[in-house]
Amino acid sequence: MLPYFSEKFGNASSLHSFGMEASEAVEKARQVTADFFEVDNKEEIIFTSGATESNNLAIKGVVKAYYTKPENRNIKPHIITTVFEHHCVLHTIKKLEKEGLIEATYVAPQKDGVIRVEEVKKAIQPNTILVTVMYVNNEIGTVQPIMQIGKIVKEANRLRAKNYQLIFHTDATQAVNYFDCNVKKLGVDLMSMSAHKIYGPKGVGALYVKKGTPIKMIQDGGAQENGMRAGTLNSTGIVGLGTAISGIMNYELRIKNSKKITELRDYLIEKVLKEIPKTKLNGSRRKRSPNNANFSFSDVEGESLLIMLDAAGIAASTGSACSSGSLSPSHVLMSLGMKAEEAHGSLRLTLGKQTTKKEIDETVKQLKKIITDLRKISGNILEDYYANKIKNP
């Protein structure tokens, strides 16, 4: 990326030599991205500022395209999603609902954190225009049956009129590093991703848009990205995204890294569940991403746990990083049927290609000590509370 911050500074939309130099780099990244997703035409890759923008464009763009057809203006469209999507999907759909532009059905996962395909099928209505289901949940790491949902959408479209096809979108942000993202195999029309989940830079992402998908741009301005995304291209970030994707193009290497991280994740899960009492793993043990382990600890408050872990040099989360400013319990964990106090005592630990067994041992060691201390404090507070209640009923 470094040269594109300085000497290769051209605007990729300009026709002079400086612009052409930047444009060539952008198109190289577009081709690499298209090759990774096994897309026929690289123009089906639209660069964005990240998955949040990609998801907004996918959902709002489809709704906008729907309303451009005069015959649709008196029929409110219907969207199917899940209750535990990333907030950028949920908030977008809820806003469209509030504005009276759509109807929506929110499919709930089972207690294992996996959506049942039958529930999606059951939710399809004559006015359904979009199904959007995330590939891998960002908090608990459970893997959703995207390929099977794609088959249901295909079957539904077989029975529909050509001008009223059902569109399938998936947010694949957490999946790109570990799972098959061949868009044809998955049966998706739209797919979102962010570069920073594959060791690329933050603030850049992409949206795959299958040729012929009815979708309109949602921000006004220039005609960049085939008229789908106005604004000067972030050439530097796009180069970084392309380079990051190049780093995971080798399928055998991806499988090898995935296997290594899975083994470390299983070691972490076993160690935590065995050595720390009153602990449970959230979400399916089997249908989960290699890098994710999400736990709930009884009698522990999650924010205090994070602060003490950070002081010990361990970076963790109670849920999505986008929710870190909120004191509300995780909507993902609540969707599994957990109580608010259980959700507040949750911890998400994620691993990467540089994580070591030694680091896991140190993490569990610190975790045991911190949870023991927090439970003592919690116990003392409860004792004082009940003692005071007896004295002053």
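Read the figures in this text as sums done on the coordinates, not as results from a lab. Note that the structure is predicted; figures quoted are calculated from it, not measured. Because the Cβ atoms are built from the backbone with ideal geometry, glycine has one as well, and the counts that use them run over all protein chains shown.
A compact table of results
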item: Cα-based helix-to-principal-axis angle, 357-391 vs the chain, degrees rounded to 10; result: 60 degrees
item: Coil-residue trypsin sites (Lys or Arg not before Pro) of region 161-252, DSSP, other Cβ within 10 Å capped at 10; result: 211
item: Sequence of 286, 116 once ranked by neighbouring C-beta atoms within 10 Å, starting from the fewest; result: 286, 116
item: Within straight-line cross-link reach of residue 376, aspartates and glutamates at Cα separation under 15 Å, skipping those fewer than 8 residues along the same chain; result: 299, 301, 384
item: Relative contact order (%) - the chain, alpha-carbon pairs under 8 angstrom, separation at least six; result: 18 percent
item: Neighbour-limited loop hits for trypsin sites (Lys or Arg not before Pro), region 1-75 (at most 15 other Cβ within 10 Å; DSSP other than H, G, I, E, B); result: 73
item: Long-range HN-HN contacts of residue 317 with modeled amide H, under 5 Å; result: 348
item: Note, ³J(HN,Hα) from phi for region 12-26, Karplus 6.51, -1.76, 1.60, rounded to Hz, x at Gly and Pro; result: 5, 8, 8, 8, 6, 4, 5, x, 5, 4, 5, 4, 4, 5, 5
item: Within-13-Å neighbourhood charge of residue 22 [Cβ basis; K, R +1; D, E -1]; result: -1
item: Over the chain: helical MRE at 222 nm, DSSP H runs n ≥ 4 each giving -39500 (n - 2.57), nearest 500; result: -13500 deg cm²/dmol
item: Sequence of 20, 134 once ranked by neighbouring C-beta atoms within 10 Å, starting from the fewest; result: 20, 134
item: Hz values of 3J(HN,Hα) by residue in region 286-303 - Karplus curve (6.51, -1.76, 1.60), Gly and Pro given as x; result: 8, 8, 9, 5, x, 9, 10, 9, 10, 10, 10, 10, 5, 6, 9, 9, x, 5
item: Flagged links, alpha-carbon separation over 31 Å, of 202/339; 60/197; 98/353; 202/278; result: 202/339; 98/353; 202/278
item: Rounded to whole Hz, the Karplus (6.51, -1.76, 1.60) HN-Hα couplings of region 133-140, x for glycine and proline; result: 9, 5, 6, 10, 5, 6, 9, 9
item: Angle in degrees between helix 146-158 and the longest Cα principal axis of the chain, rounded to the nearest 10; result: 40 degrees
item: Label assignment, Rg and Dmax of the Cα atoms in Å derived from the structure, set [x] 24.7, 92; [y] 21.6, 78; [z] 23.0, 83; result: [z]
item: Acute angle (nearest 10 degrees) that the helix 51-67 long axis makes with the longest principal axis of the chain, alpha-carbon atoms; result: 50 degrees
